[in-house]
Amino acid sequence: MLVTLSDMKSYLGITGTDYDVFLTQQIALISEAIESYCDRKFSVTTYTQTYYRDEYLEKYVPTSVTLYHFPVIQINSILEKDLISDPGVALNDFRLNKPTGIVFTIDGARFFGNGDILEVEYDAGYDSIPATIQSVVYALVSERYNKKVSGINLDFGSDVQRISIPGTISVDFDYSLQNNDRKTPFGTILGSHVNVLDHYRSDRRLVGSVRLAYVD
């Protein structure tokens, strides 16, 4: 979870335990929605990433590879193999750009010099979750907590264009989806906070090898 229960209770000024279960559920929900929207994990996690020679052009062997998770804390190992089950040959001469997660060879050397498979194990994520990410969690969980405590929910969503109450409630929606929360993935949960999260979105995708022999 992107914030702890104790930090959330401190933010809300809660000292009792009556809402602990509710707050824990909401923190987990909002944290999952944020990470799903951003296509990345923020807490430090260990990953093993595998590259295959045939992901690159036949005459192009890379001198750098881009890891899918970032920022990188450390590289635990880089192995070159012919088969996944091989013990592999360890590569120890490389440079790492931690913020971007790009690994470079040294002195013009190229990867895949000792096999068709490159396996990288590394730790990536934030030691401290960015304050802007935590602020989104605090804001969204606070909204849900206040609604639960008050029993009042006046949030009609950003797709509501007009509300009229001359005796009965009349609600007009934006059917063009220009302002509709449903236009954005997880928009119905994250609402207008997606503009803050856009800065942290990852455009990296895990792409497997095209060689059928690698498909289990």
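Quick notes
- Flag if VAL149 is out of contact with any strand residue (DSSP E or B) (no Cβ under 8 Å at 6 or more places or on another chain), crowded, with 18+ Cβ neighbours inside 10 Å and among the β-branched types (Val, Ile, Thr): no
- Of all positions in the range 91-109, none carries a residue that is out of contact with any strand residue (DSSP E or B) (no Cβ under 8 Å at 6 or more places or on another chain), closer than 27 Å to TYR200 by Cα and of a type in the set (A, V, I, L, M).
- Residue that is farthest from TYR47 (Cα to Cα), among those in the range 128-146 that are open to solvent by 60 Å² or more (accessible area, probe 1.4 Å) and of a type in the set (Gly, Ala, Ser): ALA131
- Residues located in the range 107-164, provided they are in a strand (DSSP E or B) and at pLDDT below 85: VAL160, GLN161, ARG162, ILE163, SER164
- Residue within the range 41-57 that is surrounded by fewer than 19 Cβ atoms within 10 Å (Cβ to Cβ), touching a His at 6+ places or on another chain (Cβ under 8 Å), in contact (Cβ under 8 Å) with a residue 40 or more places away in the chain and assigned to a loop (DSSP other than H, G, I, E, B) present: yes
- Pair list, Cβ under 6 Å, 6 or more apart: the range 6-30 residue over 13 Å from TYR145 (Cβ atoms), other residue surrounded by 14 or more Cβ atoms within 10 Å (Cβ to Cβ): ALA28/MET1
- Residues within the range 114-127 that are under 18 Å from ARG40 (Cβ atoms) and in contact with a helix residue (DSSP H, G or I) (Cβ under 9 Å, 6 or more places away or on another chain), tallied: 1
- Any hit, the range 73-95, residues being loosely packed, with under 14 Cβ neighbours inside 10 Å, in contact (Cβ under 8 Å) with a residue 40 or more places away in the chain and either in contact with a Lys or Arg (Cβ under 6 Å, 6 or more places away or on another chain) or under 29 Å from SER142 (Cα atoms) (or both): no
- Any hit, the range 98-119, residues being out of contact with any Leu (no Cβ under 9 Å at 6 or more places or on another chain), crowded, with 16+ Cβ neighbours inside 10 Å and not basic (Lys, Arg): no
The values are calculated or read from the model by the stated rules, or taken from the named source; none is laboratory data. Keep in mind that what you see is a predicted model, and the values were worked out from it rather than measured. Here Cβ is always computed from backbone atoms with ideal geometry, including for glycine, and neighbour counts include all displayed protein chains. Calculation scope for accessible area: heavy atoms of the full protein, side chains included, ligands and nucleic acids excluded. Shrake-Rupley method; radii C 1.70, N 1.55, O 1.52, S 1.80 Å.
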